[in-house]
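Data first, discussion second: the structure below is written as structure tokens.
The values are calculated or read from the model by the stated rules, or taken from the named source; none is laboratory data. A quick note: this is a predicted structure, and the numbers were derived from the prediction, not measured. Cβ placement follows ideal geometry from the backbone for every residue including glycine, while neighbour counts extend to all protein chains displayed. Surface areas here come from the heavy atoms of the whole protein model, side chains and all, with no ligands, DNA or RNA. Shrake-Rupley method; radii C 1.70, N 1.55, O 1.52, S 1.80 Å.
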Amino acid sequence: MADPDLVLLAPVAGRVVPLDQVADPMFALGMIGDGIAVEPSSGEVFAPCAGVVVSVHARGHAIKLRAANGAEILVHVGLEAVALRGQGFEVLVNEGDTVAAGDPLSRVDLAALAAGCGIVTTPVVVTDDAFHVERRAAAGPVAVGDPLMTVAPVGAPVEPPETSATREVVLEMTLGFHARPAALLAEVAKGFASSVQVARGDQSANAKSPVSLLTLGCRYGERLRVTAEGIDAEAAVTAVTEAIASGLGDPVVPVGSEAAPAAPEAAAPEAPAAPFPPGERVVLDGIVASPGIAIGTAVRLGSRRIEPPETGADPASESALLLSAVEAVRRHLQAQAEGGRTQPQREIAAAHAALLDDPELRDAAEKSIAAGKSAGYAWSRAIAVQTTILRGLDNARLAERAEDLVDIEQRVLAALAGEPLDGVAVAADAIVVADDLMPSQFLGFGDSLPAGFVLARGGRTSHVAILAASSGVPMIVAVGADALRIPDGAEVVLDAEDGRAVVNPGAAAKSAIAAAAADREARRDANRAAAHEDCTMADGTRVPVYANVGSVGDATRGAAFGAEGSGLVRTEFVFLDRRTAPTEAEQAAEYQAMADAMRGRPLTVRMLDIGGDKPIPYLPHVPEENPILGVRGIRMSKRHPEMLRQQFRAILRVAPLGQCRIMLPMVADVGELRWARAIFAEEKAGLGISAEVPLGIMIEVPSAVALADRLAAEADFFSVGTNDLTQYVLAMDRGNPELAAEVDAFHPAVLRMIAQTVEGAARHGRPVGVCGGLASEVLAAPVLIGLGVTSLSATRSGIPDLKAFIRTLDMEACRAVAREALDCDTGDEVRALVLARWPDALPPSLADVIGAAG
């Protein structure tokens, strides 16, 4: 009989790294399984134990063995090696082979792996929750064949004789278990040799598995039972229950206190509210996702949700069904990726096709199928685990990406059910009303798009919003439940300029709106026709207007809208939505493509600004109570200087040298600037560059404003980031929807900060630009110019109107208005001041048009 305990040996030589420090959340959070990782120093990979080869990835980077005690061990060479498509890998075994510990499994070209993927980290993990890691090697050097970890069945007898312990604890974390506390609790449990289970009622989960903990769905106020078995059971139970009681970094509110949230009720769902009465004029507010104006008839679109049966036939048949459905969806997506009408349509279809190839999704689904589940249920469960994690990461962008996973889930379920993968037909004047929309549903309209969209949910950065904007179809999102009260056939005016939908506007209002919309479009067409001319004020003062960009497509579209360059290249978007860091070559290619798209116009490249509202999943980062005030921007760079050096080099490789200037985010004092400048000088010297390349800073921290004169002595330029500066000056989280209307960059306190920045810069002759949201506001232009700002960087769609207005201004009038603005009490007073001086700066709002029509 096989020994239940299993000692795994190091399959590669190198350096041991704790699994939670691996730059891939799937491994770091234990989603694939528990184990350890090695940074390999040689390319020979050996069997960590005796067993049977149960799977070899088609591209050679991942090999799974089943040991004699039933444990399955995955050796995964490189974190993103699948992108190499097998190049550099020589597999020496086949599925079904029997191997002894130390037998060769594969050979790897480490240099090619490093060049192509950047990270060669090799996790070795136990993928079955029926086993757990009892002991593991400490971080440090390791040779092939050295003991790496000991694996034992959960609940198996342990020497010396096991003990057991049980304790109950009330969950007083107001948000219940989500991804971060689940990962932290798993780390606590992994510190003990004993097996540890957390139970909620009849459900039980392995406390050493974050994914297993998440599936419990624990909520505030529930009583949990923690059980451990092993040599240190009592200590394990004590530590785990104390960790739960502590809140694991989340707020803790005692049950029964006045601050306690209401307990969730198991009441039946509320019946939908009645439709708005015929003829009753109703105005609904939302968020603009794609600008424009449309008048048409409401068409309700139901949500697509397929619920598959849980139990399947034999595993082989269910596995074949899943493979066939996934392949059908892949072919469909590839056709959309090749034939989409717009670049975003093609890019999003390609991204969804790539999601289908996620080996962890397929592996998780196959495990459920092996347990007797149907193909559809197994696929849905694998997706559900991923979406639960993404939605729990306190990051709106990642939560929206969870909807992409739901989309491919439903596509595959539709293929399994034999349903069409897309195809939606509506009239050309339809205003589609829905709870939310998946990308596949939008793409299903094909070339017959409706006049506009009104969605109860959704976000401005979702893929559906991107698709709508790229197609030129007006869309407002986050309207709320009242959007679903718009009846089929009702007349709707969609104002996706101001974020408003008017239901049953009436004949007079409808006629007036149509005329106003036509006037507005004519004005916009004239501004677009002149947008490619340089922006010069009426008195001859040059005020360049640039575009904020985050991709090659943004740069191309910015130039098409008349941008005179880019005043903000958001490089974090090169790093997001991927599992490993981009290589230096990948970065250089992306920046060069942006420079080429701008055809010689200047680019101001912001160094990586992550942390806070833009975390990177593959970069280890300790959870923070208030990430907006935490390790972000240059603070993160100081903790990962090699990443800063790599990015400096990538930008300096852009040709011609000098087209790019570089700025540092979140600089708070002169010391941070000096630190970064010293590294910049070293990298320039290393590349043999002696020419001057401007290095400036973002002004977005109040301390930088206070030290503007000192910083200007050493920075080559300033760029004011009004989004962060506003939230820091007003002490309001700009991501808090409750405060959205109050986080106002027109506030006189913010304007005074900008004035102080310009004054400090002027002492050393440094230019000051503005690249935050305020720069895109037409009414802000005369105030900013009057304060001494020398350039503006705006969203591309607003550039033509912004340039047209600036051409009507003169400097003396701008300075006079700026002085008055600094003496205002509120942001609304500043807007009224500008409109009083330039009443035609903005076209009349549709709300005013409706009011005038009666």
Mind checking whether some residue in the stretch 559-570 is open to solvent by 20 Å² or more (accessible area, probe 1.4 Å) and under 26 Å from the mean Cα position of the chain (by Cα)? yes
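For every residue, the table says whether it meets (1) touching a residue at least 12 places away in the same chain (Cβ under 8 Å); (2) under 22 Å from I785 (Cβ atoms).
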| site | (1), (2) |
| --- | --- |
| G506 | yes, no |
| K510 | yes, no |
| A529 | no, no |
| P544 | yes, yes |
| G558 | yes, yes |
| S566 | yes, yes |
| V569 | yes, no |
| E572 | yes, no |
| F575 | yes, no |
Restricting the stretch 330-347 to residues that are part of a helix (DSSP H, G or I) and at pLDDT below 70, the one most open to solvent (accessible area, probe 1.4 Å) turns out to be E347
Of those in the stretch 194-220 that are over 22 Å from D20 (Cα atoms) and at pLDDT 85 or above, the residue most open to solvent (accessible area, probe 1.4 Å) is R200
Residue check: is L449 surrounded by fewer than 24 Cβ atoms within 10 Å (Cβ to Cβ) and in a loop (DSSP other than H, G, I, E, B)? yes
Residues within the stretch 226-240 that are surrounded by fewer than 20 Cβ atoms within 10 Å (Cβ to Cβ) and under 35 Å from the mean Cα position of the chain (by Cα), tallied: 1
Scanning the stretch 544-558 for residues that are of a type outside the set (V, I, T) and crowded, with 23+ Cβ neighbours inside 10 Å, which turns out nearest to L355 (Cα to Cα)? A555
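Can you tell me which residues in the stretch 750-792 are among the small types (G, A, S) and under 19 Å from D709 (Cα atoms)? Walk me through how you get there before you give the answer.
Going residue by residue through the stretch 750-792, those that are among the small types (G, A, S) are 755, 760-762, 765, 769, 772-773, 775-776, 780-781, 786, 788, 791.
Those that are among the small types (G, A, S) and under 19 Å from D709 (Cα atoms): A755, G760, A761, A762, G765, G769, G788.
Mind checking which helices (runs of 4 or more DSSP H) fall wholly inside the stretch 717-816 and carry at least 3 residues that are hydrophobic (A, V, I, L, M, F, W, C) and under 26 Å from R520 (Cα atoms)? I'd like the intermediate steps shown before the answer.
Working: elements: 722-730, 748-762, 781-787, 799-806.
Of the helices (runs of 4 or more DSSP H) lying wholly inside the stretch 717-816, those with at least 3 residues that are hydrophobic (A, V, I, L, M, F, W, C) and under 26 Å from R520 (Cα atoms) span 781-787, 799-806.
Looking only at the stretch 652-674, which residues are in a helix (DSSP H, G or I) and surrounded by fewer than 18 Cβ atoms within 10 Å (Cβ to Cβ)?
We begin by selecting, within the stretch 652-674, every residue in a helix (DSSP H, G or I); these are 652, 670-674.
Scanning the stretch 652-674 gives V670, G671, R674.
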